[in-house]
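Notes for the one structure printed next.
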Amino acid sequence: MTAIITNDPVILHGLTSKIKYVRLVRRVLNQKTYWFAQLVWVNIKRSSR
């Protein structure tokens with residue numbers, strides 16, 4: 001099982017973008033602990049035309 005699906009364009013875009021910070025989230029499901037990473041990207045505003 002692969003942790004990251006490399007042929008998904010949405011995931012590839014997220015992983016190649018500049019990351020502002022990472023939030024670690026802990027979830028307990030059925031008495032088992034799971035850890036997730038939520039990536040927050042830098043917001044680059046486009047100039048209005």
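Quick notes
- Residue satisfying all of: in the stretch 6-21; surrounded by fewer than 10 Cβ atoms within 10 Å (Cβ to Cβ) and either aliphatic (A, V, I, L, M) or at pLDDT 80 or above (or both); farthest from Leu39 (Cα to Cα) among these: Asn7
- Inter-residue pairs, beta-carbon under 7 Å, first among the aromatic types (Phe, Trp, Tyr) and in the stretch 6-25, second at pLDDT 80 or above, 6+ apart: Tyr21/Val40
The values are calculated or read from the model by the stated rules, or taken from the named source; none is laboratory data. None of the values given here were measured: they were computed from a predicted structure. Reconstructed Cβ throughout: ideal geometry from the backbone, glycine too, with neighbour counts over all protein chains shown.
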